[in-house]
Amino acid sequence: MTAALALEGVSKRFGDVHAVDDVSLEIGEGAFVALLGASGCGKSTTLRLMAGLDRPDAGRVRMGGRDVTADGASARNIALMFQSYALYPHLTVHQNIATPLRQRRLSALGRLPGAGALRAGLRQRLDAIDAEVRRVAEMLRLETLLGRKPGQLSGGQQQRVALARALVREPAAFLLDEPLSNLDTQLRADTREEIKALHRRTGHPFVLVTHDQADALSMADRVAVMIEGRIAQVAPPDVIFSRPANRGVAAFIGAHPMNLIGPGGLAAALHPAGRDHVVGIRPEQLALTGDGPAEAVMRSTAYQGDRTILRLVGGAEEALQVVLPLGSPAPAEGETLRLAADPGALHLFDAASGARIEHAGGPG
Amino acid sequence: MRVLREAFTTLSLVGPAALAVVLFIFLPVGVVFALAFTDYQIGAPQAAWVGIENFAELFGSKLGRNALLNTLVYAAIVIPASVGLGLLVAIGLFGLAERLPRVSAVLRAVYFLPVAATLVAMAVAWQMLLHPSLGLVNTWVEAAGLTPQNWLTDRGLVLYTLALIGVWQSVGYNMVLFLAGLAAIPTALYDAARVDGAEGGWSRFWLVTWPMLGPTTLFVLIVSAVNAFRVFETVATITRGGPAFASDTIVYALYREGFIYFKAGYASAITVVFFLALLALTALQILLIERRVHYR
């Protein structure tokens, strides 16, 4: 099966900066892929390359097997929802949603106001556009707002108008650039569900660009982690979390960054391979036990209500974090603690390349 | 007590400026309105009330109507040409700034020069350029195989020559305003337009640029209109309203009647008409366009 949208070895430079470096990614029919990365990692540039707003310096973009690298944004029929929503402030909600259809189906002459009164064929096309706008507006609960201007809408309503404008045509793929970043917490949770439901209902391939791992892990069925212009790992959310492909992904994913120790004595105390390799362990999975194999000194604590974060230092100045669950007493600063970890929770990474090394009894 | 003190503070802050405005603007305007209905001459010991006779002369006499008509023709050329060209140049330079920022900056300065230059000095330069036998313009016209013209002494041509100079003078100013307007348009809107299918520059212009420039265009239009109706310096320095009043305009007529013939009453009547016309024009533009350009 050919992918709905595929990047093949795509690169984009701005001056000396490699914004996107040899990225390959396939988005299958009906897939929901999240492009996850810190700000400045090149994920938005990747999105622009997919949409056809920028041309890659190297590599190809394919849609359904067809090479569209040279095609502009309008020829690709890809819908894009902008982070700023980019609604036309001078047009009503109805006109905003109708714009993609009007631009595609009407000539410049037909777009003139009042042109529909003159020709019957045009009249019919305008009625068809109106019907589709109303259908999408109903789907996104915008029926009562169709006459308003974007300036008269709340942030959440503007976001739904932007979604409607992107969905009104049948796009080959639907790209969302940080769709939740301008919403407050409650609205975020609702909108997450709404976008997931829209994906199920429309069946279009969705690409979500976000810096928020909670958004990516909860909404997408595949997550592509981008680090410094490259794709570090593409996998389902649970695999990204439980079996990070390299140190970069391991350090990026998780509410608290994974402890990456060694190679050295402390690492070896946790796992025999720690002599030569980096040992990774999530702060939630390090336990304070009197007879643990590893040893570290308490530096500071940070109380966060439902949990307490301890910062520790190993014998060779390795920084460690431990997350204590609710109710555990925090040890005093300067105290020497013994730590233990379930071997099943340990990750091993090559010290030089940072790539994951599978080990017997490891997570997965 | 506190109320009193606050009132005093307010008064001391607003008072001087308000007094100056009343003394130097409202009072003279009032005097002008009053004088417009008299036959007062500067230096005369007394003045007689003549009713609307001054206005009748302006609208009834051949000379008065000629000045009004000339001003309308001049404005009808200069307003659309300077706004249109200003927008065109601004869009061109804005696009050029992405590829050749240096060239764009230099051209921007070149277009702005006429705005910054002293018009009286420029008038001398234009007189040289347009000289019938020695001027560069006629040399070029001849080189192009056309008949040389008496640009400033031909009665049928002089007003259009002045209009061209007026356009040359204001394009740069309008360009700067439009450039600021263009820079304020969010680039995401252009991206959205491309994604929505407006691939060509023309459809993007109508979908994004033109409506988003609405407030700027309104402002430029009002400023250009006021400046065009106020045309004086070029007339005074280059043609003195001649030949045979062919380039006489309303403000030049006002100057001539008031400061050469000392007919203060008649000059005041012209001022009143001019003032009311500009007021009406501005109000009309705001009423008609304001509602369509602010998107709240």
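A few notes on this one:
- With the simple model of a label 7 Å out from the Cα in the direction of the Cβ, A:HIS359 to B:PHE219 spans 6.6 nm.
- Stokes-Einstein D for chain B, Kirkwood Rh over Cα pairs, 37 °C, 0.692 mPa s (µm²/s): 145
- Peptide packing for B:49-55, A:262-268, B:212-218 was compared via the average number of neighbouring C-beta atoms within 10 Å per residue; ordered from the highest value, the list is A:262-268, B:212-218, B:49-55.
- Förster radius 35 Å - calculated FRET efficiency between A:ASP190 and B:ILE185 (Cβ-Cβ, nearest 0.05): 0.65
- Look at the dipole of segment B:127-273 built from charges on Cβ: of B:ALA225, B:LEU136, B:GLY201, the Cα furthest out on the positive end belongs to B:ALA225.
- Calculated FRET efficiency for the pair B:ILE25/B:LEU281, C-beta based, R₀ 30 Å, to 0.05: 0.90
- Sequence-distant aspartates and glutamates (8 or more away, or on other chains) whose Cα lies within less than 13 Å of A:LYS12: A:ASP21, A:ASP22, A:ASP54, A:ASP57, A:GLU228
- This ranking places B:GLU233, A:GLU193 by how few other beta-carbon atoms lie within 10 Å of each, fewest first, which gives A:GLU193, B:GLU233.
- Against chain A, whose longest principal axis comes from its Cα atoms, helix A:93-105 is set at around 70 degrees.
- Residue mean of other protein chain beta carbons inside 10 Å, A:72-78: 4
- Grouping the Cα pair distances of the protein assembly as shown into 10 Å bins from zero gives a pair-distance distribution of 3, 11, 15, 15, 14, 13, 11, 8, 5, 3, 1, 0 percent in increasing distance order.
- Put a dot 7 Å past the Cα of B:ALA105, heading toward its Cβ, do the same for B:VAL226, and the two dots end up 3.2 nm apart.
- Distance between the modelled labels on A:ARG299 and A:ALA38, one decimal in nanometres: 1.7 nm (7 Å Cα→Cβ projection).
- Least to most buried among A:ASP67, A:ASP291 (fewest other Cβ within 10 Å first): A:ASP291, A:ASP67
- Binned Cα-Cα distance frequencies in chain A - 10 Å width, integer %: 5, 21, 25, 21, 15, 9, 4, 2, 0
- Take the Cα radius of gyration of segment A:1-145 and divide it by 2.2 N^0.38 Å, N being the number of residues; the result is 1.28.
- Across segment A:239-363, the convex hull enclosing all Cα atoms gives 99 Å³ per residue.
- Diffusion coefficient, µm² s⁻¹, Stokes-Einstein with Kirkwood Rh over alpha-carbon pairs of segment A:1-66 at 4 °C and 1.567 mPa s: 107
- Per-peptide average of other Cβ atoms within 10 Å, ordering A:205-214, B:184-193 highest first: A:205-214, B:184-193
- Semi-axis lengths, Å, segment A:84-224, gyration tensor of Cα atoms, sqrt of 5 times eigenvalues: 30, 16, 12
- Two-decimal log10 I(q)/I(0) for segment A:92-152, as the Debye equation yields it once each C-alpha is a single scatterer, q = 0.19, 0.22 Å⁻¹: -0.71, -0.89
- Residues of segment A:156-184 with an amide N closer than 19 Å to a point placed 7 Å from the Cα of A:GLU29 along the Cα-to-Cβ direction: A:170-175.
- Residue-wise HN-Hα coupling along segment A:288-296, computed from phi with Karplus coefficients 6.51, -1.76, 1.60 (Hz; x: Gly, Pro): 8, 9, x, 10, x, x, 9, 9, 8
None of the figures in this text is laboratory data; all of them are computed from the coordinates on show. Computed from a predicted structure; not experimentally measured. Neighbour counts are summed over all protein chains in view; Cβ atoms, including those assigned to glycine, are modelled from backbone coordinates with ideal geometry.
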